[in-house]
Structures are given as C-alpha cells and as structure tokens.
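Before any comments, here is the structure.
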Amino acid sequence: MVQTPRRVLFVAYQFPPSGGIGVHRVVKFTKYLPEFGWESSVLTVANPSVPLKDESLLKDVPDSTEIVRARTLEPSYQFKERFSGRKTSNAGPPTAAVKAGRSSLHPSRLIKSMLRGTANLLCQPDMQVLWGPNAYHAGCELLRRKPHDVIVATAPPFSSFRVGARLARKFGIPLVLDYRDEWGISNTYWENKQQSGLSQQIQQRMQARLLRAASMAIATTPSSRQSVQNSATAAGSPVRCEYIYNGFDPDDFTSSNASRKDYGNGTDLFRLAYVGTLWNLNPIEPLVKAIEQLQQTSPEVLTRLELVVAGRRTPDQEAVLDRLNETACRLIRLPFVSHDEAIRLMETSDCLTLLNAPVPGAERIVNGKIFEYLACEKPFLLISPEGDMWEMTADCPYALPCDPLKPEQIALSLSSEMERHEAGIPAERAVWTPAAYGRRQRAEQLAEMLSSLTSATPIRARDKKPHSENAVDSLTSP
C-alpha cells in the first residue's frame, strides 16, 4: 500500500527571489522532502525588503511545492539603508563622502539614530513584523483549502515564528521552530538590530511564549541546540529540541572542469577566495593582519597571492580591505554573485577562507558556507573561535583551523599552504569524504522528526523524480 504524502507548511520570509545563504535551508528541504514522503508549501513575502536577489534558486523548488506570497508593509531595503546611514557595498570601496559621513556627528545622523531606535522598539521582534498580518491571512486561506500536518517556521527574522504560532494555534497543527540563528546572537550582531534593554526584555518574554507553544525546536549546531534548550527550560517549556546541520547539494557541484576566470592578473597566481558577506560577525581584519604580517616578513610570498572577495561588504570592512593596497597581494573585489557563480569561484580557487569574529556566541556558529567548502574538497582557512566548526572538521584534511586573534598563526597556515600547492603536494585525504553533509540527508532527518510529531511512519527515500524550474506560485495581496 502506497503511503499518502504528508504536507508541511514552511513559514519563511527569506525565500527566493531573495538571495544569500539564509534561503538555502528551506529551498533544499522542499527539494528533497518528497523523497521521504513529505510535500511542502511555503508562505513567504511578495515584496521582500532584502539586500540580495537570486532568482536562480527557484529552479530547485519542485512543482508540487505551493508558494504563497503575502505583501509586507515594510519600506524598501534601499530606504532602510539611507535611513540608517549604514550603506553596504556590492562593488568597490566606499567613496570619500561615505567615509566622512561615518565619522560625522551631524544632527541629521543623531535624529536618524533616535528614529531608528524608536522603530526598533515599536516593531517587535523585528521590522518584518509588518509582514505578519498579511502573512497570517494568506496562511489561513491556504490552510482552509489544503490540509497540512505540520508548520515549520524558520527564523530570522523572528516575526516568522509569531506568524507560524498564530497559524498553528488557530488550526491545531504542531509547530516547529527552526532556528537558523539563535535569537540572542541575531539581535546582538545583525545589521540595524541594536536592541535597547527594554526590547531585549520584550523579546525574551516573546521567545518564552513561542517555545511554550511549540512542539519542537530545531537549531543548526549541537551547541546552539543546547542554548535553545536552556531558553526553553527557563521558559518552563517541555519542547523537544534537536539540531540539523546545514549542508551542500551535490547537484550544485556538477562542473568538474570549470574554467578559472581571469580577473586581469593572470591565472598563475595562488587564488585565495572568500565568498559571503563581510560585516561585524564575519570580519576580514584577521586575514588582513596576517597578510600585513607576511608583507613584513616574506613580501615575496605575496607577489604570488591573489585574494578574491565576493559578496556584500559594509563600509568598515571595505576600509580594512583598503589596507591591502599597501601590500604586494593582488586584491579582487566582486559584488554579490549568483549561487552558481559562487560555486564556480570556490571550485576554481586554490584555497578558501571562512571568517567568524572572536565574540561571545561565535563558537556555537557553524556557517552555512562551510558545507559547500567541504564539498569543493579544497583547503580552507577556518578563521574562527574554537568551537562547533573546529570539532565538526577535526577529521577533515582540508580544514586549516586558525584563531582569529593570532594573525601569526593565520600567516603561517597561508604561507605553508601556498608552499604545499606550489610544490604539487596533495592534501592527505585518507578515508575522509564530504558525502555525509549532503542536503538529502538533512531532509531525511527533518522528515523523521516531522513524522514523529504526526505519528506518521517514516519512509525511505524513493527514486529522485525530476522537476521543472517553476513551482506553483500564488500571489496574495493585502
């Protein structure tokens, strides 16, 4: 007897055409869950106020996935940038005017700061709460016409948790809270999320209520799972807490003979690449300090080094990169690139780098990009506080863990890797393989967890079925 597929509703503000690493988790779940007896619907935003767009990611969403989009009343992201005075760069370094504006104490900046603080206090838990009313009504319409077995709300933004909780309560459906980032870490480091003491108290109570309403909470690392469990215990919630790592999709890595793009310096240099956003939680300074140290001790090494950074960058990070103009290192600055192009850059680089700031909580973060680095099977500088990522990659021959507070250690790892590469000495792979980090395995984990909430019997993966690039897409207006 063929088991009828169950259906899960993902409440996900971050979903294509929005771009960035945060959208991949739900996209890949929708792609692979049908193999384990679960179809998906996605409740998302029609006019996302986000800095990055990447419509190519929609190709992974199966036809069986119904996408419902509700409009948000938020201002555009461009308006938010102008209002905050913290414009990020997608291309070259900041202009002199932008640099001057950062240090200016002009009254207009003080007024903007006061207004931004007021907006943050009124919009709890985040500005995306302005999406909530329309998202709730759109979700109600969907759930009335199509039965669902579980609701998975994914955050940040954490207003998605509130939408999911309202829908779950109204329709009597189990609620799962998917923490792509911890709530406290997000509030501390995310752009424009500087919270007052009052806001933090409001959101602590809000999180406690949501944890008491949920049937399950899922984090992305073992330590983050424990942190969420601690919050649940403090809230008096018996919610079950689990974790599911992010991963990589083998289908994204199909070009074994990808050609290396020449950025004007020739293709014979040792290429070190960073792919992702550069901001306060992922700062480039530890690597820049290491390169500056090599400039003092071994300048000839830097004549053979090309550093490529691809992604959004805050003005502060651009200013740090400017310091490399005083070194022999060739610096290539690229804007945000599509996911496909990012993969090609990773595959054709000689070494990659991953950056986490030495701040409280960073030891619990496992960057989503690390799994694609692992899939490339390229050496990578893991510049991060010792923690979950160091432990996860302890047996990986390509990981080169470095303390971000020790530039001399980073410099030694980089120069040693360049020497090994130039000598043609391969990394000692032994029996290690990245296969265990695939997105299909992550979807199987989620399917088993969802089945446990609905008394459904988990099924083994069926043969993969092809799907077209376009899913059912219903637009819901306010």
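The values are calculated or read from the model by the stated rules, or taken from the named source; none is laboratory data. For clarity, every value in this text was computed on a predicted model and none was experimentally measured. When we count neighbours, we look across all protein chains shown, and the Cβ atoms used for this are built from the backbone with ideal geometry, even at glycine.
List of remarks:
- Condition check for residue 248: of a type in the set (Phe, Trp, Tyr), closer than 30 Å to residue 420 by Cβ and modelled with pLDDT of 95 or more: yes
Conditions (1) without any contact (Cβ under 8 Å) to a residue 24 or more places away in the chain; (2) assigned by TED's automatic domain parsing to the domain that holds residue 303; (3) part of a helix (DSSP H, G or I); (4) surrounded by 17 or more Cβ atoms within 10 Å (Cβ to Cβ), marked per residue:
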{"site": "374", "(1), (2), (3), (4)": "no, yes, yes, yes"}
{"site": "389", "(1), (2), (3), (4)": "no, yes, yes, yes"}
{"site": "395", "(1), (2), (3), (4)": "no, yes, no, no"}
{"site": "401", "(1), (2), (3), (4)": "yes, yes, no, yes"}
{"site": "404", "(1), (2), (3), (4)": "no, yes, no, yes"}
{"site": "416", "(1), (2), (3), (4)": "yes, yes, yes, no"}
{"site": "428", "(1), (2), (3), (4)": "no, no, no, no"}
{"site": "431", "(1), (2), (3), (4)": "yes, no, no, no"}
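- Inspection of region 28-44 identifies at least one residue that is under 23 Å from residue 455 (Cα atoms) and part of a loop (DSSP other than H, G, I, E, B).
- Boolean, residue 300 is within 15 Å of residue 273 (Cβ to Cβ) and of a type in the set (D, E, K, R): no
- Top-ranked residue of region 325-365 - restricted to ones that are of a type outside the set (Asp, Glu) and in contact with a His (Cβ under 9 Å, 6 or more places away or on another chain), ranked as modelled with the highest pLDDT: 351
- Subset of region 274-297 [free of Cβ contacts under 8 Å to residues at least 40 places away in the same chain and β-branched (Val, Ile, Thr)]: 288
- Taken together, the criteria exclude residue 117 from residues that are at pLDDT 80 or above and part of a helix (DSSP H, G or I).
- Tabulated pairs, region 1-30, first under 15 Å from residue 68 (Cα atoms) and among the small types (Gly, Ala, Ser), second at pLDDT 95 or above and in a loop (DSSP other than H, G, I, E, B), C-beta under 9 angstrom, 6+ apart or interchain: none
- Criterion (part of a strand (DSSP E or B) and either of a type in the set (D, E, K, R) or free of Cβ contacts under 8 Å to residues at least 24 places away in the same chain (or both)) met by exactly one of 323, 271, 260: 271
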